[in-house]
Amino acid sequence: MRKNIVAGNWKMNKTFQEAEELIDQIVVGMEETSLKCEVIACPPAPYLEMASDYAEESAIKIGAQNVSEHEKGAYTGEIAASMLASVDIEYCIVGHSERRKYFHETHDQLAKKVDILLDYGIKPIFCCGEVLEEREKEIHFEVVKKQLEDSLFHLNEDEFSNVVVAYEPIWAIGTGKTASPEQAQEMHAFIRSLMTEKYGITVANGVSILYGGSCNPGNAKAIFANKDVDGGLIGGASLKANDFLKIAASFE
Ligand code: PGA
């Protein structure tokens, strides 16, 4: 059966010292409570090795926020999947809406990122989701379907089983506006039905689908209680250990 996962996307926040303090607090908090989910922290790239050292000694898992679609070479400023693998990174966020919007990442490019991560044994946390206008026009299902078809559905069953999907309605990211538990469940069930069509029920039931967008300790429980919501990708609230741990404690 699929895992419940709570993943923190720290985005471009924290100095090295602050990052170390945060990860330390999360790890200590995890040791004090028995959480019923996998906990992943995705710090900025310069802190991945430090974070990875924590993962060696504790239950926390570490993810990167981005990866290059290229193998290696003259791509100044980019980070290769092989580099992430060499510091034992287990997960990597792919296709976050901020990367799609500000860095113009395309479906095709994201498909390549997914492939190269899987080649190096790193699990992609693939983000999808619609903007407000698309929801208002009631084309949000089509938008998400296209995102999955264009960047994920070329994978074979074995590869797909190593993917985590994060549904993040863009209108809910960093806005304080969350999707209602019903809206989240509706989209998650739709995503799972697409996976079932493509890969069959056994594979579809094994893939975790996370919700992201203004998740906080106050709303996480109601959202995660839905049958097809297997946890969350947490931005703002992952920057405070207490809030993040409370969200992770939403699974009973
Ligand atoms: P947020 O961000 O929790 O701050 O809305 C979520 C995300 O962007 O992954």
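Nothing in this text is a laboratory measurement; each read-out follows from the coordinates by a stated rule. The shown structure was predicted, so the numbers you read here are calculated from the model rather than taken from an experiment. Neighbour counts run over all protein chains shown; Cβ positions are idealised from the backbone, glycine included.
A convex hull fitted around the alpha carbon atoms of region 4-79 yields 100 Å³ per residue. Over region 38-145, Cα pairs under 8 Å with separation of 6+ residues give a relative contact order of 23 percent.
From its DSSP helices (H runs of at least four residues, each -39,500 (n - 2.57)), the chain gives a residue-normalised ellipticity at 222 nm of -12500 deg cm²/dmol. Applying 1/(1 + (r/R0)^6) with r as the Cβ-Cβ distance of residue 196 and residue 32 and R0 = 45 angstrom yields a FRET efficiency of 0.70.
Using DSSP H assignments, which helices in the chain have an axial alpha-carbon span of 15 Å or above and a mean Kyte-Doolittle hydropathy of -0.5 or higher? Span-like helices here: 16-32, 107-119. Near residue 42: Cβ cut-off under 11 Å, other residues only, Lys/Arg at +1 and Asp/Glu at -1. The net charge is +1.
Expressed as a whole percent, the proportion of Cα-Cα pairs in region 77-141 lying more than 15 Å apart is 57%. Using the Cβ-Cβ distance between residue 153 and residue 87 with R0 set to 35 Å, the FRET efficiency works out to roughly 0.70. Packing order of peptides 235-243, 138-146, highest average first: 235-243, 138-146 (average count of other Cβ atoms within 10 Å over each peptide's residues).
Distance between the modelled labels on residue 24 and residue 45, one decimal in nanometres: 2.7 nm (7 Å Cα→Cβ projection). Using r as the Cβ-Cβ distance of residue 3 and residue 142, and R0 as 22 Å, what FRET efficiency do you calculate, to the nearest 0.05? So the FRET efficiency works out to roughly 0.15.
With a threshold of 22 Å on the Cα-Cα distance, the over-threshold entries among 3/221; 11/123; 101/137; 14/123; 3/61; 36/240 are 14/123.
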